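As C-alpha cells, the structure follows; a few thoughts come after it.
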Amino acid sequence: MNAGEGVTISVVVPAFRAAHLLPRVLAPLMAMKARGEVAEVIVVDDVSPDDTAAVAEALGARVLVMEKNGGPGAARNHAAEVAGGDILWFVDSDVIAWEDGAAKVRAAFADPDVSAVFGSYDATPDGQHWFSRYKNLMHRYYHQKAERDAQTFWAGCGAVRKDVFRRVGGFDVETYRVPSIEDIELGYRIRRDGGRIVVDPTLLGKHLKVWTPKSAIHTDIFCRALPWSRLMISREGVHNDLNTSHGEKAKAVTAGLLILSVLILPFAPGIWPVTLGLLLIALAANWSFLRFMNANGGPGFAVLTFLYHQIYYVYSAAAFAWCLFEYHALGVKNRLHVP
C-alpha cells in the first residue's frame, strides 16, 4: 500500500460571519466526504453573529461552536482536539478548495518524512477589481515559484499531521491574539521539531476575499510585515524563502531607490538618467512577475501591478527596517505579541 493511502483526513474550516460563503466553500469538501476521500468536514463557528453554524450544519458538516471568539488559530486548535483524522487539512472559510484537493494532500503525505504541506490560490480569484486581483495573484505568484521545501506554513489551504501539530503545541494564540502570522510561526516550530514542510503548487483554492488598498496596506504592515520581521529578527533569523528571499530583498532596495529618485526628480531634473536606470533595473528584476501578471490580466494589468508592487516593497522594507531599529537601537528584544 502507498504510504499516503492509509491516512485519514479531517478538514477543518474556521468560520466567522461566513454564512454567505459556506455554500460555495463546503460544496467541494462535502463532495470529497461523500466520495470517501476525507473522513469528516469540521466547521468551527467562532461565535458568529450570523447563522454560520446553522448553515454549516444544514450542509452536512460537523459543527463545533467556540465558547468565546478567539480567531481562526484558536478555532483550529479546538478542532484538532476532537478531529478523528490522522491529517488536519485547514481550509479557510473564504477559500474554495479544488475537487482534487484531498488527493493532493494524500499524495504529499505518502512521504513519511513530510509533516506538513500547503498549496496556493488559483488564478481566478473572486474579486475582479484590478487591485483585489493583484493581491490574490501576488500570493499565488510567490507560492507557485517557491522552492518545494518550505521554512514556513500557510493555513489558508494547508495540511499537517495531527500528531506533529499536537506535539509542537498547535497555533500560538496567546502571542498572536489578532490573526496574523500564527501559521508562519507554527511552520518554524514544525521545522525545529525536525519536520519537513513542502509546497505543492497544484494544491489549489479559489480565494473569495475582495481586497481594497486600505485593507491590504493595513494587513501587509500590521498583520504581516511587522510581526513577521520581529519574529525573524528576535528568534528565527531571515530565511531565503517565499517573499523574504534574497532576491526579494534586492528588489525592495531597488524599489526604494527608484521611488526616492522619482520624489527628488522635480527638484533635481538632472538626475533623470539615474531614475531611468533604476526603472530599467526594477523592470529587469521583476520580469518574471510582469510576465506572470501579463499572463493573468494583460499588459495594462501588468503595468499597474508592477507600479504598485514597488510601493509594496517600500512599506514592507520600511517595516523591517523599523523592527531592526527597535531591536538594536531601542533594545526591544522580544516584541512578538500582537494584541
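The values are calculated or read from the model by the stated rules, or taken from the named source; none is laboratory data. Predicted, not measured: the structure shown is a model, and the values here were computed from it. Reconstructed Cβ throughout: ideal geometry from the backbone, glycine too, with neighbour counts over all protein chains shown.
Residue count for the range 151-186 satisfying the condition of being out of contact with any helix residue (DSSP H, G or I) (no Cβ under 7 Å at 6 or more places or on another chain), assigned to a helix (DSSP H, G or I) and more than 17 Å from Asp92 (Cα to Cα): 2.
When the residues of the range 151-180 are filtered to those that are among the aliphatic types (A, V, I, L, M), within 16 Å of the chain's Cα centre (by Cα) and modelled with pLDDT of 95 or more, which remaining residue is farthest from Leu304 (Cα to Cα)? It would help to see each step written out before you state the result.
In the first step, residues of the range 151-180 are kept if they are among the aliphatic types (A, V, I, L, M); the result is 155, 159-160, 164, 168, 173, 178.
From what's left, within 16 Å of the chain's Cα centre (by Cα): 155, 159-160, 178.
Going one step further and asking which of them are modelled with pLDDT of 95 or more, we end up with 155, 159-160.
Values: Ala155: 29, Ala159: 34, Val160: 37 Å.
Out of the qualifying residues, it is Val160.
Identify, from the list Ala19, Ala27, the residue that is in contact with an Asp or Glu (Cβ under 8 Å, 6 or more places away or on another chain), in the same structural domain as Gly170 (by TED's automatic domain parsing) and modelled with pLDDT of 95 or more. After ruling out the rest, the residue left standing is Ala19.
Scanning the range 96-119 for residues that are crowded, with 24+ Cβ neighbours inside 10 Å and among the β-branched types (Val, Ile, Thr) yields a total of 2.
Scanning the range 64-76 for residues being surrounded by fewer than 24 Cβ atoms within 10 Å (Cβ to Cβ) and within 18 Å of Ile9 (Cβ to Cβ) gives a total of 1.
Could you say which residue among Val43, Val47 is assigned by TED's automatic domain parsing to the domain that holds Ala107, among the aliphatic types (A, V, I, L, M), under 19 Å from Arg76 (Cβ atoms) and surrounded by 23 or more Cβ atoms within 10 Å (Cβ to Cβ)?
Sole residue among the options that is assigned by TED's automatic domain parsing to the domain that holds Ala107, among the aliphatic types (A, V, I, L, M), under 19 Å from Arg76 (Cβ atoms) and surrounded by 23 or more Cβ atoms within 10 Å (Cβ to Cβ): Val43.
Taking the conditions (1) hydrophobic (A, V, I, L, M, F, W, C); (2) within 30 Å of Trp211 (Cβ to Cβ); (3) not in a strand (DSSP E or B) in turn, Val7 satisfies each one other than (2). Within the range 168-185, residues that are under 12 Å from Ala155 (Cβ atoms) and not assigned by TED's automatic domain parsing to the domain that holds Ala225 sit with their Cβ atoms under 7 Å from residues that are acidic (Asp, Glu) and assigned to a loop (DSSP other than H, G, I, E, B), at 6+ positions apart or across chains, in these pairs: Glu182/Asp172; Glu185/Asp172. Annotation note: of Asp193, Asp241, the sole residue that is modelled with pLDDT of 95 or more, more than 18 Å from Phe90 (Cα to Cα) and surrounded by fewer than 21 Cβ atoms within 10 Å (Cβ to Cβ) is Asp193.
Matching residues to (1) at pLDDT below 95; (2) under 24 Å from Asp111 (Cβ atoms); (3) not in a loop (DSSP other than H, G, I, E, B):
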| residue | (1), (2), (3) |
| --- | --- |
| Met1 | yes, yes, no |
| Pro23 | no, no, yes |
| Glu37 | no, yes, no |
| Ala53 | no, no, yes |
| Ala56 | no, no, yes |
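Per the conditions (1) part of a strand (DSSP E or B); (2) under 16 Å from Ile96 (Cα atoms), the sole criterion not satisfied by Val63 is (2).
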